[in-house]
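The values are calculated or read from the model by the stated rules, or taken from the named source; none is laboratory data. Everything numeric in this text was worked out from a predicted model, so none of it was measured. Positions of Cβ are backbone-derived with ideal geometry, glycine not excepted, and every protein chain shown enters the neighbour counts.
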Amino acid sequence: MEIYLVGGAVRDALLAREHNEQAHVDRDWVVVGTTPEALLARGFVPVGRDFPVFLHPDTREEYALARTERKTAPGYHGFDFHAHPSVTLEDDLARRDLTINAMAIAQVHADTPADAVVIDPHGGLRDLHHKVLRHVTGAFAEDPVRILRLARFAARFADFSVAPETMALMRQMVEHGEVDHLVAERVWQELARGLMERQPSRMFEVLRECGALQRLLPEVDRLWGVPQRADYHPEVDTGVHLMMVLDMSARLAASLPVRFACLCHDLGKGTTPADVLPRHIGHEQRSVHLLRQVCNRWRAPRECRELAEVVAREHGHIHRSSELGAAALLRLLQRCDALRRPQRFDEVLLACECDARGRLGFSEAAYPQRERLLAALALARTVDTAEVATQAREQGLEGDHIGQRVQAAQQDAIAQGMPGP
């Protein structure tokens, strides 16, 4: 039985070695020349029923039997796995997606990768040095999830390029309808991971270049080429603006719901009638409608959907909130459910800041709207609503009249505590 460290753990260890950094990665292992029964006898715990992967009895790291794969149906479904003692390490590495993920180190050297001999049958070291994302073999085309994975790696390793032959293969996969068979769970998983990488715009640029974005997220794909008013958006192109907003969300270390809200906030601009361009009147409500389609298609989590809806609907009002008086500020806070969910409102404001700063020449600009709205919220929340309601009832008020009295007190607190527009 031979054991090797494989995949991303090797890649990241080699990258860390090149930059004199410490690698912190999850380790994956391949076991060659043994059987499931032999691993079970050693105390390994099987993971699932149809996959030859086991958990180490002590470290709980994953150990997979060396295997080959054969596709039996379109899309991500339908793969036969062959795990047998006769399957070699080279056989196992050949089924992997990218050359930089198809390297291995013997277990004895896993803790000292700088001294290890790298098993590299597909030129991963070369591509790592030249910063190229390249598929291993034609088997890449058997799994459309690999298009999403490559795009995600492009967002992580933003200075890597995609090999021309790999881009051509991905275009061919899209043309043959492979991405149309992807299941929602896998698409959302890769999309969410890509959004959380250091330059998420790269993911969408790669997907757009190979044609997959039009199939998976046509609402996003159609934004390129749509003009905006240059006095508000010096970058003009809506798709370019969206990519700048996403990268700003990464720069500001935003959460996944905030980054998803950034992705969806301007979807309605892609459906603006040509005769009114470059103005986009009413795009906010159209954006809400379109992002709901996206969420339903790829089963986005509720917290992502809810935050995205608020941002899409209200970002224009939030940008212009410096012009609002106390009454209008309170109505904006209420529409955002800020009084009840202040932490979510803070994320709404962060998404709006990303939108404002994701414009040509505005990346270092201040966003005073955020501070002003948080101050207004803090003032409104100083009102003891229970006490106001009690006093209203003592005066004989009921129903909506009590709510109106509470709102009047909150509006008064905002008006007295901060300057007007």
Legend entry - Residues satisfying the stated conditions in the range 339-356, i.e. assigned to a loop (DSSP other than H, G, I, E, B) and loosely packed, with under 13 Cβ neighbours inside 10 Å: Arg340
Legend entry - Verdict on Glu284 being surrounded by fewer than 17 Cβ atoms within 10 Å (Cβ to Cβ) and of a type in the set (Asp, Glu): no
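Within the range 293-319, can you find the residues that are in a helix (DSSP H, G or I) and aliphatic (A, V, I, L, M)?
Restricting attention to the range 293-319, the residues satisfying the condition of being in a helix (DSSP H, G or I) are 293-298, 302-319.
Correct list: Val294, Leu307, Ala308, Val310, Val311, Ala312, Ile318.
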Inset, instruction - Filter the range 91-122 down to the residues that are touching a His at 6+ places or on another chain (Cβ under 9 Å) and exposed (fewer than 15 other Cβ atoms within 10 Å of the Cβ), then identify the one that is modelled with the highest pLDDT. - result: Val117
Inset, instruction - From (1) in the same structural domain as Leu263 (by TED's automatic domain parsing); (2) surrounded by 17 or more Cβ atoms within 10 Å (Cβ to Cβ); (3) not in a loop (DSSP other than H, G, I, E, B), pick out the condition that doesn't hold for Arg359. - result: (3)
Legend entry - the range 225-247, subset over 18 Å from Cys304 (Cα atoms) and hydrophobic (A, V, I, L, M, F, W, C), residue surrounded by the fewest Cβ atoms within 10 Å (Cβ to Cβ): Ala230
Legend entry - Given (1) surrounded by 18 or more Cβ atoms within 10 Å (Cβ to Cβ); (2) farther than 23 Å from Met173 by Cα; (3) of a type outside the set (A, V, I, L, M), index of the condition Arg222 fails: (2)
Inset, instruction - Taking Ser322 as meeting all but one of (1) over 22 Å from Asp337 (Cβ atoms); (2) assigned to a helix (DSSP H, G or I), write down the number of the exception. - result: (1)
Legend entry - Members of the range 381-421 that are under 17 Å from Ser322 (Cα atoms) and of a type in the set (A, V, I, L, M, F, W, C): Ile414, Ala415, Met418
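Going through Val183, Val288 one at a time, which residue ends up being over 24 Å from Ala158 (Cα atoms) and at pLDDT below 95?
On inspection, the qualifying residue turns out to be Val183.
Inspect all residues belonging to the range 144-153 and state whether any of them is among the aromatic types (Phe, Trp, Tyr), crowded, with 17+ Cβ neighbours inside 10 Å and farther than 24 Å from Ala250 by Cβ. Break it down into steps so the answer makes sense when it comes.
As a first pass, look at the range 144-153 and keep what is among the aromatic types (Phe, Trp, Tyr): 153.
In the following step, the residues that additionally are crowded, with 17+ Cβ neighbours inside 10 Å were identified as 153.
Next, only the ones that are farther than 24 Å from Ala250 by Cβ stay: none.
The answer is no, given that none of the residues of the range 144-153 is among the aromatic types (Phe, Trp, Tyr), crowded, with 17+ Cβ neighbours inside 10 Å and farther than 24 Å from Ala250 by Cβ.
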Inset, instruction - Give just the number: which of (1) more than 23 Å from the chain's Cα centre (by Cα); (2) surrounded by fewer than 15 Cβ atoms within 10 Å (Cβ to Cβ); (3) in a helix (DSSP H, G or I); (4) of a type outside the set (Phe, Trp, Tyr) does Ala376 not satisfy? - result: (2)
Inset, instruction - May I ask you to list pairs of residues, at least six apart or on different chains, whose Cβ atoms are under 9 Å apart, with the first in the range 224-242 being more than 13 Å from Gly268 (Cα to Cα) and the second being in a loop (DSSP other than H, G, I, E, B) and among the acidic types (Asp, Glu)? - result: His241/Glu235; His241/Asp266
Legend entry - Residues satisfying the stated conditions in the range 293-309, i.e. touching a residue at least 12 places away in the same chain (Cβ under 8 Å) and over 14 Å from the mean Cα position of the chain (by Cα): Gln293, Arg297, Glu306, Leu307, Glu309
Inset, instruction - Quickly run through the range 9-59 and pick out the residues that are among the small types (Gly, Ala, Ser), modelled with pLDDT of 90 or more and either under 18 Å from Ile105 (Cα atoms) or touching a Ser or Thr at 6+ places or on another chain (Cβ under 9 Å) (or both). - result: Gly33
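Within the range 174-227, which helices (runs of 4 or more DSSP H) (wholly inside it) include 1 or more residues that are over 28 Å from Arg279 (Cβ atoms) and of a type in the set (A, V, I, L, M)?
Working: elements: 184-195, 201-210, 212-216, 218-221.
Those helices (runs of 4 or more DSSP H) span 184-195, 201-210, 212-216.
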Inset, instruction - Please work out which residue is nearest to Ala366 (Cα to Cα), limiting yourself to the range 237-292 and to residues that are within 19 Å of the chain's Cα centre (by Cα) and part of a loop (DSSP other than H, G, I, E, B). - result: Leu252
Inset, instruction - Go through the range 390-421 and give me each residue that's exposed (fewer than 14 other Cβ atoms within 10 Å of the Cβ) and either modelled with pLDDT of 90 or more or of a type in the set (A, V, I, L, M) (or both). - result: Gln416
Legend entry - Residue match in the range 330-337 (condition: in contact (Cβ under 8 Å) with a residue 24 or more places away in the chain, surrounded by fewer than 17 Cβ atoms within 10 Å (Cβ to Cβ) and in contact with a Cys (Cβ under 9 Å, 6 or more places away or on another chain)): no
